[in-house]
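One structure is given here, and the rest of the page talks about it.
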Amino acid sequence: MTDISRDLQQQVKQAFNNQQPLFIQGSGSKQFLLQSENDQLLNVCTHTGVINYEPTELVITARAGTSLNEIETLLKQHKQILGFEPPRFSSTATLGGTIACNMSGPRRPYAGAARDFILGCEIINGRGELLHFGGEVMKNVAGYDSSRLMAGAYGTLGVLLELSIRVLPQPEMEQSIMLEMNREEAIKICTQFRQQANTVSAACHINQQLYLRLSGNAQAVKQACEQTGGETLDDAGNFWQTIKEHQHPFFQSQKPLWRLSIPPANAAPELDDDSLLDWGGGLYWLLTNLPAAQIKMAAANAGGHATLFRNPAEEKDRFTSLPAPMRALHKKLKQAFDPGSILNPDLFSKVL
Amino acid sequence: MNIDKKQTLLASLGKILDKNSILEKEEDLRPYECDGLSAYRQLPMLVVLPETIAEIQAIVHLCQQQKIPVVARGAGTGLSGGALPSDDCLLLGLARLNKILDIDKNNLLATVQPGVRNLAISDAVSGLGLYYAPDPSSQIACTIGGNVAENSGGVHCLKYGLTVHNIAQLKVVTIDGELLTIGGFTYDSPGYDLLALMTGSEGLLGIIVEVTVRLLPKPETAKVILASFDDIEKAGEAVNNIISAGIIPAGLEMMDTLAIRAAEDFVHAGYPSDACAILLCELDGTSVEVTDQIASVEHLLTSSGATEIRTSANEEERQLFWKGRKAAFPSVGRISPDYYCMDGTIPRKALASILGQISQLSVDYGLPVANVFHAGDGNLHPLILYDANIPGELEKTEEFGGRILELCVAAGGTITGEHGVGMEKIDQMCVQFKPLELTQFHAIKSAFDPDNLLNPGKAVPTLHRCAELGAMHVHHGKLSHPELDRF
């Protein structure tokens, strides 16, 4: 547990004065997605420690370099969880990196994304100023919501120092089942499940099997399993872990891995390559050598967007570019937080 | 107000709108002089009531050209003066954009115009077994555009979140008159989370002209427990015990003696008028789940020292239990000529201490307070009872209210949980935020609206105002020359 905020602030101030671009890094667990060759490294991973955790307030505040492992272990002792079930992609993944990338796991459609759980943050903006937004309470509408704005901003608006995150009680019971069906049927079933009050907390389709996780009150989960039928999945915890962490055999490939975010009930994008469906139809993982333009077009036609997540043949065109007026607004907002454009400027041009 | 400016604007507006959509006579402007915070009143220069996005784009663009401030308004039910006009502003009434455009039952989305009422959305999808979760107490009248602008809450936030958690996409007209689409129908969108930034931005960043909300399936069943306590601290402890047991109730509300009695006298919900506090705990979900959880919560309440526990036996009784809570504000209005509703949020653990301090202040100021509390999420609504006809009493009430909000900040909470800053809490923003953060907010504002034309003077105070207020706090504790405008 160390506090290096003053040191980080000094480095940012200096970089601002010297117009030296910085590349903010936690543990480097998402290097496969985000890299910068030229910029000076600003390492946040030693800024660690849980600052405040009160189980009855349903909130945890920790420094950005704190590992997800430490946080989730602590929560588990109090029978609580991070509701967005963040993937780690490495045992060292930090809270800051997870929030900066707005990364959420299988529970996302049913409990919310990383951004939904942010209550407050402390950041250093591009002038080297220490700022505090939001707080540790759930309902807070004072000032612009600058905390949630940090989720998915990839550090381009500020260096995350501290985050207050809402937590959830661990479900009393979880059970997973398998149902044999094709993808089209799976999308239909997942849509029906969303339209009814039930306990589904994850839904994934691969190899002609729909995998459903049911979570919550024990009586309700038992009843739902009986009603749904299918085969009980042994070692379900491990199965969902392999989906969340990309350790499932599907992901063992050197082919480019695309991530397609699609409205969950829409027809699948018209691409006939190997794919895994998560988020009850809202997220496709696709292994393909098809050209970026074709994949993005197919995603757009299905009402969504695509990102080249791993194993790029080339760095350009990995992310979805914004329409011109939105891009102009993003530039102005970037400038409002980082007038010298020193915080992850490379990522800003690549991702946004 | 500059008469030439008004005439020039009128002439240009005449080319965009038909004359029934432009209000300029004093008697027509009068209904727009205030929102739900009626202590603050000001006639706008003009009111326009457009019916299409194209009209809004043209109007806003015109105002940018002629440097006219624009104040957007939905139903005008807001409680913080967010839609309060200025005498030189164009008030942009969005109530005529009241159509539900599309319901996508498979993706659980409803796309609506900003003037659609909150409850009208749930009504429209009820036949599909769906509803829109955020339920501010004004839901019968308030519009979804206003809900987004204020990031409105309600009594079910603990389980279902605020507006920001329940919307997917916005269409926004910028001060340049440009139409932007923010967010989308997917679970995430490329770019910054402007959806979060726009939600709760109180009309300062753009005009919300279309909203796509996320719908939820209606729970199979819902039951509410009414528990009485002879000690408010025990009631607070009971709330913690429920949360600690891993139960997230759909609603968890607390009322104190004065609020209980006022509500009971008004609607006869069967509340125990001798209790120091009552808790209303609603559980929803599948029947087996609710039956099981009701049993757990009844047990937890008993062991937390509840003196009486009643569980709604049927839907009628559930509605009756809620009726008292929902009528809390108007019922307090019956026992006092005026009341002032506060909206701070605190960490739940601070409840007993804050309530103690509020009752001390109540004695000091000689003004009674009734407390209504969203206990699950820490959002406190103290209602200060006063009489505006007694000279000086409104000012005294505002000062008392300000002190309560400062207590909330000191306890690690916030000055506004769901009503917004608007005009009302602009000075308390100086307590909540330091100059650096306020400067950052102004920079965000400038990125969207460099000429400061969208709802100017609300939500974020100038540093100058805070500095002056700080100095005044030190020297007097109250304003000298209250007749002067201060910026």
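The values are calculated or read from the model by the stated rules, or taken from the named source; none is laboratory data. What you see is a predicted model; the values in this text were computed from it and never measured. Here the Cβ positions follow ideal geometry from the backbone for every residue, glycine too, while neighbour counts run over all protein chains shown. Keep in mind that these areas ignore ligands, DNA and RNA; they rest on the heavy atoms of the full protein, side chains included. Shrake-Rupley method; radii C 1.70, N 1.55, O 1.52, S 1.80 Å.
The percentage of C-alpha pairs in chain B whose separation is greater than 28 Å is 55%. With 18 Å as the limit on Cα-Cα distance, the pairs of A:Lys30/A:Lys76; B:Lys326/B:Lys458; B:Lys19/B:Lys99; A:Lys139/B:Lys445; A:Lys255/A:Lys350; B:Lys6/B:Lys67 that go past it are A:Lys30/A:Lys76; B:Lys326/B:Lys458; B:Lys19/B:Lys99; A:Lys139/B:Lys445; A:Lys255/A:Lys350. Which of the residue pairs B:Lys349/B:Lys425; A:Lys13/A:Lys331; A:Lys331/B:Lys159; A:Lys296/A:Lys331 have a Cα-Cα distance greater than 26 Å in the structure shown? Pairs exceeding the cut-off: A:Lys331/B:Lys159.
Computed over chain B, the per-residue total of -39500 (n - 2.57) for DSSP H runs of n ≥ 4 gives a 222 nm mean residue ellipticity of -11000 deg cm²/dmol, rounded to 500. Projected onto their three principal axes, the Cα atoms of the stretch B:1-56 cover extents of 36, 27, 16 Å, largest first.
Over all other residues within a Cβ to Cβ distance under 13 Å of A:Asn198, the charged ones net out to 0, with Lys and Arg as +1 and Asp and Glu as -1. For chain B, the longest principal axis of the Cα atoms and the long axis of helix B:315-326 meet at an angle of about 60 degrees. Each peptide among B:434-445, B:451-462 gets the average number of other Cβ atoms lying within 10 Å of its residues, and from highest to lowest they stand as B:451-462, B:434-445.
Heavy-atom surface analysis with a 1.4 Å probe gives the stretch A:1-159 a carbon and sulfur content of 43 percent of its accessible area. Using heavy atoms of the protein chains and a probe of 1.4 Å, the accessible area assigned to A:Cys190 is about 10 Å².
Taking the chain by itself as reference, the stretch A:127-142 contains these residues with an accessible-area loss of 20 Å² or more in the full protein complex (1.4 Å probe, heavy atoms): A:Glu129, A:Leu130, A:Leu131, A:His132, A:Phe133, A:Val137, A:Met138, A:Lys139, A:Asn140, A:Val141, A:Ala142. Per the Cα gyration tensor, chain A maps to an equivalent ellipsoid with semi-axes of 34, 26, 17 Å, ordered largest to smallest. A Cα-only calculation for the stretch B:356-413 places Rg and Dmax at 11.8, 38 Å. Net charge near B:Phe266, counting Lys/Arg +1 and Asp/Glu -1 over other residues with Cβ under 14 Å of its Cβ? Charge balance near B:Phe266 sits at +3. Taking the longest Cα principal axis of chain B as reference, the axis of helix B:257-267 is set at about 80 degrees. For the stretch A:150-241, the Kirkwood estimate of hydrodynamic radius, built from reciprocal distances between every pair of different alpha carbons, is 15.2 Å.
Excluding same-chain neighbours fewer than eight residues apart, the aspartates and glutamates reachable from B:Lys218 by a Cα-Cα span under 17 Å are B:Asp104, B:Asp123, B:Asp135, B:Glu282, B:Asp284, B:Glu289, B:Glu315. Projecting the Cα positions of B:Phe329, B:Leu46, B:Cys281 onto the charge dipole of the protein assembly as shown (unit charges on Cβ atoms of Lys, Arg, Asp and Glu, taken about the Cα centre) puts B:Leu46 furthest along the positive direction. How big, in percent, is the set of alpha carbon pairs in the stretch A:1-136 lying more than 18 Å apart? The proportion of pairs with Cα distances above 18 Å equals 58 percent.
Other residues within the sphere of radius under 13 Å centred on the Cβ of B:Gly81, judged by their own Cβ, net out at -4 (K and R +1, D and E -1).
Angle of helix B:351-365 to the longest C-alpha principal axis of chain B, folded into 0 to 90 degrees and rounded to 10: 70°. Note on the protein assembly as shown: with charges restricted to the Cβ of Lys and Arg (+1) and Asp and Glu (-1), its dipole about the Cα centre is near 1480 debye. For the stretch B:167-277, what number results from the quotient of the Cα radius of gyration and 2.2 N^0.38 Å? Against the compact-globule rule of thumb, the ratio is 1.63.
Here is the tail figure for the protein assembly as shown: Cα pairs spaced more than 45 Å apart come to 24 percent of all pairs. When Rg and Dmax are taken over the Cα atoms of the stretch B:264-375, they come to 16.2, 50 Å.
The stretch B:185-239 and the stretch A:226-245 have Cα centres spaced 30 Å apart. Once each part is reduced to its C-alpha centroid, what is the distance from the stretch A:7-36 to the stretch B:313-374 in angstrom? Centre-to-centre (Cα) distance: 48 Å. Per residue, the convex hull spanned by the Cα atoms of the stretch B:217-299 measures out at 94 cubic angstrom. Note on surface exposure: B:Asp292, A:Asp145, B:Asp274 rank B:Asp274, B:Asp292, A:Asp145 by accessible area, highest first, 1.4 Å probe.
For the set B:Cys34, A:Cys204, the ranking by accessible area, highest first and with no ligand, DNA or RNA atoms included, is B:Cys34, A:Cys204 under a 1.4 Å probe.
In angstrom, the C-alpha Rg and Dmax of the stretch B:31-186 are 15.9, 48. To the nearest 100 Å², how much accessible surface do chains A and B hide from each other in total, with a 1.4 Å probe? Using a 1.4 Å probe on protein heavy atoms, the buried area is about 6300 Å². Take each residue in A:258-267, count the other chain C-beta atoms within 10 Å of its C-beta, and the mean is 4.
The spread of Cα positions in the stretch B:41-121, taken along each principal axis and listed from longest to shortest, comes to 46, 29, 16 Å. Interface residues of the stretch A:46-82, defined as those with an accessible-area decrease of at least 20 Å² between the chain by itself and the complete set of protein chains (probe 1.4 Å), are A:Glu54, A:Thr56, A:Glu57, A:Leu58.
Partnerless cysteines in chain B, where a partner means another cysteine C-beta under 4.7 angstrom, comprise B:Cys34, B:Cys63, B:Cys89, B:Cys142, B:Cys157, B:Cys276, B:Cys281, B:Cys341, B:Cys408. Using R0 = 35 Å, the C-beta based FRET efficiency linking B:Ala39 and B:Asp265 works out to 0.90. Computed from label points 7 Å out along Cα-Cβ, the spacing between B:Thr439 and B:Asn314 is 6.5 nm.
Expressed in units of 2.2 N^0.38 Å, where N is the residue count, the Cα radius of gyration of the stretch A:126-195 is 1.80.
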